[in-house]
Amino acid sequence: MLPSVLARQLQVALSDYVETTFPITNPVFKGSIRRMVQTPGALFHEPYVAVRLPFRVSNQERDTFQAVQQAYKPYVHQQEAFDRLTGEDGRSTIVSTGTGSGKTECFLYPILEYCYAHRGEPGIKALIIYPMNALASDQAARIAELIFDNPKLKGNVTAGMYVGGYEKDASREMTDKRILTDHETMLASPPDILLTNYKMLDYLLVRPKDAKLWQENNPETLKYIVVDELHTFDGAQGTDLACLLRRLKARLFTPHGYLCCIGTSATMGGEGSAEDIRQYAEKVFGEPFEQDSVITEDRLSPKEFFKGYDIFDHTVPTPEQALALAACAGEEDQKSYLLLAAESWIEEPFDKTRLFSDDGRVALGQCLMRHSFMQSFIEALGGSYAQPAYLVEALSSRYLGLLEMEDATAALDALLALISYARVRDARGKIRPFLHVQVQIWIREWRRLLAKVSGDDITFALFSDLNEQQAKHYLPVVNCRHCGETGWTSVLDERGSAEIHDLRTFYNLFFRYDKRVVMLFPHVEDDENVHEHRRARLCPYCLRVQPESHKQQLCSCGKPTVPVWMPMVEIGGSEDAKQYECPFCGGSGISIMGLRSPTAISAALSQIYASHFNDDKKLLAFSDNVQDAAHRAGFFGSRTWRFGLRSAMQQFAMDEGDSL
């Protein structure tokens, strides 16, 4: 995956989606939605990028485990976790380190070691709670492989996943790819390690049949409780989990302070927030956490990372190359893009014909290590997230070529793409990522989207961005997706004013198809498509609507008015599926303009999965609650299927359609 390019494509795709979803043909409104999309911060912020340097490796020589085989030397934070969690006196710990830092190994190795030491003893010894079944399933495969490939663990340690629903081919035995998932098998012989979610844990405490899982447990059998992605358990969900854990300990008569509790998170903060994290964990688990119980990541500094690499390359792309890179990013040809990126950034001897081999990707990483701009770029990032515009400004004093570029961020995207694509060989000769590139895009929901009442200067704004005085000059907007006609909508009070005092009340009336709803379409004076009947004048200042009079173009407040057409609002469709009918084309395509987050995410997902710059098509979607998750799963599935079908039709028409 090339996340920097994918982020650029996503912004373009989402902008195009908004513009095509609301086609605007009305001359007064035409171009207004594009201006809104292009306004910084209106739809999304400029992406935040980070390049994560490697974690510091522990220098400890002694083997921590007797049964677990470690393929590599642990990171410093992993060794710290091993020291705290391994043995009979494991201490409760929070592991708050970044993505790809081996958080799972931090608790899994000590748990496997403990289960091996207590092999043959019945009962569940470790409980691992995940916020979603998808995470549990992903980790289950890793646990199965670890146990199966280890002669000491295989046959001596068992793990099972107990989640809701019926599984057609449930696993009744441990294999190299699967742990136990058959409920009856686990009820008859509970596994040493149990993976579940917090909802299922509730059932395991109240349903008599499921409660048999705990029948072999005495007060000191259960030693470890792990909550993965601890940060997701906040608010009501965190309270639910806290109560569940207290009920579990009461059911098993577990002594206070006996359990070794573990929480993991990549987003709970660093050392500065350690005390808050510790107190939060104590509230959730109901167990004491020591002052030094929060483990944070320890990465190499730029100076340490580049030590021993002298600078040989000072290349910066030309303005022409930066423009070519921006254009190539939209052409869905990853090989051509990477070749152009390498030609633009790498000058030292480098066989670009081997770029797409493992050796070529390793050589690319070596070239980047000796690149002047690369070293300065990593230093400017400072180990945190930054926006490309900030980086361009920070580096332009040393690299004046950035100031000559029309789109300098396109050049930075290309450098980030090369960093993402490059590889290194580890001590065992295996290919691993050179560095991890992370990109965050913040998409803004267009909820309560309004448009300023004007005859020639239409601007959109979100209600939350307007102060009380500004909001008086804005109204919701309707658009016909068939013919593109666009206008304001409101309800008129007894004085003929369209001012809306309570948007919530108006939206309730609009979506109940109330007869008081009016639509006000701006038009030019001699527009032949607008009937003379029900022509009116709308004041942009007091929003009063009055019958049109060619002799009176000023409002009673003394301000110039805007000519509008206020047709009779027609409602079609069935009783259960009403729709507003367009007064221009007669189609049932009139809708209120706006963009809610599920729709925006659906459009983004379609781009992410369709892009040729994404070869790792995986997705985790978090939601506030189970009901929202269930609704959005179906919503995303339906929307992305339609987007995919449209893309397939377009591709067929372009490739094989001939004259179709």
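The values are calculated or read from the model by the stated rules, or taken from the named source; none is laboratory data. Note that this is a predicted model, so its numbers are computed, not measured. Virtual Cβ from ideal backbone geometry, glycine too; neighbours counted across all protein chains shown. These area figures cover heavy atoms from the full protein model, side chains too; ligands, DNA and RNA do not enter into them. Shrake-Rupley method; radii C 1.70, N 1.55, O 1.52, S 1.80 Å.
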Considering only the stretch 86-94, I want to know if a residue exists there that is modelled with pLDDT of 90 or more, part of a helix (DSSP H, G or I), on the phi < 0 side of the Ramachandran plot and not polar (S, T, N, Q). no
Considering only the stretch 354-384, state which residues are closer than 25 Å to Gly330 by Cβ and exposed (fewer than 14 other Cβ atoms within 10 Å of the Cβ). Phe356
Taking the conditions exactly as written (of a type outside the set (Ser, Thr, Tyr), open to solvent by less than 50 Å² (accessible area, probe 1.4 Å), part of a helix (DSSP H, G or I) and farther than 17 Å from Phe350 by Cβ), does Ala414 satisfy them or not? no
Does Ala81 meet the test of being under 22 Å from Val284 (Cα atoms), surrounded by 24 or more Cβ atoms within 10 Å (Cβ to Cβ) and among the small types (Gly, Ala, Ser)? yes
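Can you tell me which residue within the stretch 302-343, out of those that are part of a helix (DSSP H, G or I) and of a type in the set (D, E, K, R), is most open to solvent (accessible area, probe 1.4 Å)? Explain how you work it out, then say what you get.
Applying the first criterion (part of a helix (DSSP H, G or I)) to the stretch 302-343 yields 302-305, 319-328, 334-343.
Those left that are additionally of a type in the set (D, E, K, R): 303-304, 320, 335, 343.
Numbers: Lys303: 174, Glu304: 84, Glu320: 129, Lys335: 125, Glu343: 104 Å².
Out of the qualifying residues, it is Lys303.
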Which residue, of Leu135, Leu146, Leu127, Leu112, is under 22 Å from Leu252 (Cα atoms) and assigned to a helix (DSSP H, G or I)? Leu112
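Just the residues that are free of Cβ contacts under 8 Å to residues at least 60 places away in the same chain and within 25 Å of the chain's Cα centre (by Cα), please, taken from the stretch 410-432.
We begin by selecting, within the stretch 410-432, every residue free of Cβ contacts under 8 Å to residues at least 60 places away in the same chain; these are 429-430, 432.
Answer for the stretch 410-432, where residues must be free of Cβ contacts under 8 Å to residues at least 60 places away in the same chain and within 25 Å of the chain's Cα centre (by Cα): just Arg432.
Is one or more of the residues making up the stretch 275-282 of a type in the set (Val, Ile, Thr), open to solvent by less than 70 Å² (accessible area, probe 1.4 Å) and touching a residue at least 24 places away in the same chain (Cβ under 8 Å)?
Of all residues in the stretch 275-282, those of a type in the set (Val, Ile, Thr) come to 277.
Restricting the remaining residues to those that are open to solvent by less than 70 Å² (accessible area, probe 1.4 Å) gives 277.
Then drop every residue that is not touching a residue at least 24 places away in the same chain (Cβ under 8 Å), which leaves 277.
Looking through the stretch 275-282, at least one residue is of a type in the set (Val, Ile, Thr), open to solvent by less than 70 Å² (accessible area, probe 1.4 Å) and touching a residue at least 24 places away in the same chain (Cβ under 8 Å).
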Looking at Ala134 and the list (1) crowded, with 18+ Cβ neighbours inside 10 Å; (2) among the aliphatic types (A, V, I, L, M); (3) under 30 Å from Leu53 (Cβ atoms); (4) touching a residue at least 60 places away in the same chain (Cβ under 8 Å), which single condition is not satisfied? (1)
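Counting only residues that are in a helix (DSSP H, G or I) and open to solvent by less than 80 Å² (accessible area, probe 1.4 Å), which one in the stretch 149-187 is farthest from Leu127 (Cα to Cα)?
So in the stretch 149-187, the residues in a helix (DSSP H, G or I) come out as 183-187.
From what is left, the residues that are open to solvent by less than 80 Å² (accessible area, probe 1.4 Å) are 183, 185-187.
On the way: His183: 16, Thr185: 17, Met186: 14, Leu187: 15 Å.
Ranking the candidates gives Thr185 first.
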Which numbered condition Ser454 fails, given (1) part of a loop (DSSP other than H, G, I, E, B); (2) touching a helix residue (DSSP H, G or I) at 6+ places or on another chain (Cβ under 7 Å); (3) polar (S, T, N, Q): (2)
Can you spot a residue in the stretch 542-557 that is buried (at least 20 other Cβ atoms within 10 Å of the Cβ) and assigned to a strand (DSSP E or B)? yes
Residue ID - surrounded by the fewest Cβ atoms within 10 Å (Cβ to Cβ), chosen from residues in the stretch 207-224 that are in contact with a Lys or Arg (Cβ under 9 Å, 6 or more places away or on another chain) and not in a loop (DSSP other than H, G, I, E, B): Ala211
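When you check Thr267 against the structure, is it hydroxyl-bearing (Ser, Thr, Tyr), open to solvent by 10 Å² or more (accessible area, probe 1.4 Å), at pLDDT 85 or above and out of contact with any strand residue (DSSP E or B) (no Cβ under 8 Å at 6 or more places or on another chain), yes or no?
Details: hydroxyl-bearing (Ser, Thr, Tyr): yes; open to solvent by 10 Å² or more (accessible area, probe 1.4 Å): yes; at pLDDT 85 or above: no; out of contact with any strand residue (DSSP E or B) (no Cβ under 8 Å at 6 or more places or on another chain): yes.
No.
Give Ser372, Ser344, Ser384 a once-over and let me know the one that is within 17 Å of Arg299 (Cβ to Cβ) and touching a residue at least 40 places away in the same chain (Cβ under 8 Å). Let's see the steps before the verdict.
On the way: Ser372 fails: within 17 Å of Arg299 (Cβ to Cβ); Ser344 fails: within 17 Å of Arg299 (Cβ to Cβ).
The unique qualifying residue is Ser384.
Under the condition of being of a type outside the set (A, V, I, L, M) and buried (at least 16 other Cβ atoms within 10 Å of the Cβ), which residue from the stretch 423-437 is farthest from Thr489 (Cα to Cα)? Explain how you work it out, then say what you get.
Taking the stretch 423-437 as the starting set, the residues that turn out to be of a type outside the set (A, V, I, L, M) are 423, 425-426, 428-430, 432-434, 436.
Among the residues that remain, those that are also buried (at least 16 other Cβ atoms within 10 Å of the Cβ) are: 423, 433-434, 436.
On the way: Arg423: 56, Pro433: 54, Phe434: 55, His436: 49 Å.
Looking at residues that are of a type outside the set (A, V, I, L, M) and buried (at least 16 other Cβ atoms within 10 Å of the Cβ), I get Arg423.
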